[in-house]
Each structure stands twice: as structure tokens, then as C-alpha cells.
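The values are calculated or read from the model by the stated rules, or taken from the named source; none is laboratory data. Note that this is a predicted model, so its numbers are computed, not measured. So basically every Cβ, Gly included, is an ideal-geometry build from the backbone, and we count neighbours across all protein chains shown. Just so you know, the surface numbers come from the protein's heavy atoms only, side chains and all, with ligands and any DNA or RNA stripped out. Shrake-Rupley method; radii C 1.70, N 1.55, O 1.52, S 1.80 Å.
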Amino acid sequence: MFDFLKKAFKKFTEQLSGEKEEKEEKVEKKPEIAEEFKKEKVETEEKKKKEEKKEGLLEKAAKLITETKLSEEQFNKFFSVLEIELIQNNVAFPIIRELRENLERDLLGKSLPKAKLEEKIREILKQTVFDILSKPKQVDLVDLAKKKKESGSALVLLILGVNGHGKTLTIAKLANLFIKSNLRPVLAAADTFRAAAIEQLAEHANRLNVRLIAHKYGADPAAVAFDAIKAKEKDVVLIDTAGRQTLDANLMAELAKVKKVAKPDLTILVGEAIAGSDLVAQAKLFNEKIGIDGIILTKVDVDDKGGALLSVVQATGKPILFLGNGQGYSDLIPFDAEEITNKIFGNSS
């Protein structure tokens, strides 16, 4: 995950460095001036001073070779390499534009010491990625549940997502997380549409030894959510919901009704990291029609791109809460923008 950014960064800096080396070689092929000074060297003080002055000009020229100003034409040529890599890895155009603007501001027309070039570009890209990922305010679900418990109420989480993206397993992972924090979760099987959805959630509830609130298939999903919220001896309510591959108006109306009845503290979207641009489109639609407060990305362990993670945060303005990286109940990683950014670009800027 995010290997494409490392590769794109390497290509970008290699292009810039390669151009500078080429220029340096061209200048080095012109030693006539220095040779001429050596041949015409005389013993008089006046000519010595002239020679010293000429050597000073050569030193200045050498400095300009190592600190070349990048032209707009050169920048456009080099950035196109980075841009293609970003597009191919599901990075949204607004992010590409932001990266370009930041690079232009700090590189275009500025003196660029060759030895510091890669470090400078790394610093700009790293800061841009970190700003995107850290902009939405992070939410600690366990801490929030404990505060709700202290106030005498339960934390209600409405979980949305397209079928097949790992929504039900993620609910089980969240239940396991709360159990480890000495909190009592209750699962609500409000997906009364998909065949075997109730049995699938019931299997997880049985393995985790937590209560399941369920009705028959075809029952009103809002009624299931309502009964779970009214259940006794609970600290957290995790509401599973229907999700279809085609996100039609009927589904959105159903989910909107569940949300209206349940009045959840948070509405969380579960989506596959490998879904790429489809993930971004789904997130935007769910946020527009239902409203979401956070995102959990599944299957990050098999996502060889990673651009969708950046894009979904930028598109919705909502935080990534967790990353799912396996099939086990403990395979749920709290999202950390700084840690993710450091994995891409290293700890030092």
C-alpha cells in the first residue's frame, strides 16, 4: 500500500536530478576560459588581480550549476511523470492539483541545491499528504463509549456499506474491540434483505459471546434497530444494515429511516480499500444521502495502490477510523495519519 507514492517520488526526483547533471556536464565541457587564464598568466600584480577576479566568476558559475533555478517548462515536464503515477493509483484530481500547487510554490524559480533537492521534494509531498489525512477530526470510539457509559447511556453506531466489502466482519471486529475494553456490545441484525445476512451476523455473535437482536427476513430494519437500542445491559449498539451493489433510491430511503429511528451517535461507512474510484463515489453518495461521520477501510493488506484512501478523505472530509488488514477479529488497526505518512516518506522530512 502506497508503494506508488514512493515510486512516483523516486521518478520525479530522478528526472530533476538527471536534468541538472546534464546541464553540469554541458558546462564542464567548456574549460577554455580557465585554460586561457593559465596560458596568459603573468607576474604583474595587475594581471594577478584580473586573474583572481576571473576565478571568482568561475566559482560563481560553478555555484549556479549546483543551484539551478527550475523553469516552468522543466517543472511541467517532470511533474507529468508524478501526475500519471498518481492518476493510475486512484488519487483524485483535487489532491493532484494540491500537490502540484505546493511543489510549484516551493520549487519553481527557486535556487535548488542538488544535494537538497530530493529532501525538499520529500518534505513538500509528505506535508501535503499528512495535511489531507489529518484534516478531519479523529474519533476514539472506545473513549466515546466509555464516556457514554459514565453518563448512563449506550453508544449507538450505525454501520453502512456495500455488500461484499466486509461490513459484517468489521462489525464483529468492532464488537471484539469493545469487549477487550470491558464494554458490552449488542449487535442489531437490521439487514433483513440479503439472504443469510442474519445467520452470518449471528455466527459472529455466537463466537464473541455477545447478544444479537434479530427479527425475521423482510421485517422493518428500523424496528430491529429500535429494539436493540431499548435492550438492557449494554454499552454499545452496533447496527448492521443492508447494502446493495446498486445504490438505488429505495435502499437510501430505507437507511435514512433507520437513521431517523435509531438516532445514532455516529454513522460509519465500511468500504474496500481496493475498490479505488468506486469507493470514492460510494462514500460521496452515502455522505450526501445519509450522512457519515467516519470511514473504516477493509482489505488494506491486499491493496497495492492506496490512492483511494487519500481520495476518500478529501472527497468526504471525514476521518478514517480504522484499517482492516485481515480476517481475524483483532485485525483492526486504529488509523494514525502521522504513522501512515511516515511509512510512505520516512520519519524525517
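Starting from the Cα-Cα distance between Asn163 and Val302, subtract it from 0.36 nm times their residue separation and give me the gain in nm to one decimal.
48.2 nm
Lys/Arg Cβ at +1, Asp/Glu Cβ at -1, dipole of the range 71-191 taken about the Cα centre: which of Leu117, Gly152, Leu141 is farthest positive-ward?
My answer, from the dipole projection, is Gly152.
With an 8 Å Cα cut-off and a minimum separation of 6 or more residues, compute the relative contact order for the range 231-336 in percent.
It comes to 22 percent, rounded to a whole number.
Residues in the range 270-310 near a label at Lys257, defined as backbone nitrogen under 19 Å from the 7 Å Cα→Cβ point?
Of the residues in the range 270-310, 289-291 have backbone N under 19 Å from the label point off Lys257.
Please give the peptides 103-111, 276-284 ranked by average Cβ packing (other Cβ atoms within 10 Å per residue), highest first, as a rough proxy for protection.
276-284, 103-111
Give me the percent of accessible area attributable to carbon and sulfur for the range 114-248, probe 1.4 angstrom.
Carbon and sulfur atoms account for 50 percent of the accessible area of the range 114-248.
Distance check, please: which entries in Lys232/Lys343; Lys146/Lys167; Lys173/Lys216; Lys173/Lys263; Lys148/Lys257 exceed 32 angstrom between their Cα atoms?
Correct reply: Lys232/Lys343.
If packing is taken as the average number of other Cβ atoms within 10 Å across a peptide's residues, how do 133-144, 158-169 rank, most packed first?
Packing order, densest peptide first, comes out as 158-169, 133-144.
Can you give the net charge of the other residues whose Cβ lies under 10 Å from the Cβ of Asp220, counting K and R as +1 and D and E as -1?
0
How high is the FRET efficiency from Gln88 to Leu266, r the C-beta distance, R0 41 Å, rounded to 0.05?
Efficiency, rounded to the nearest 0.05: 0.75.
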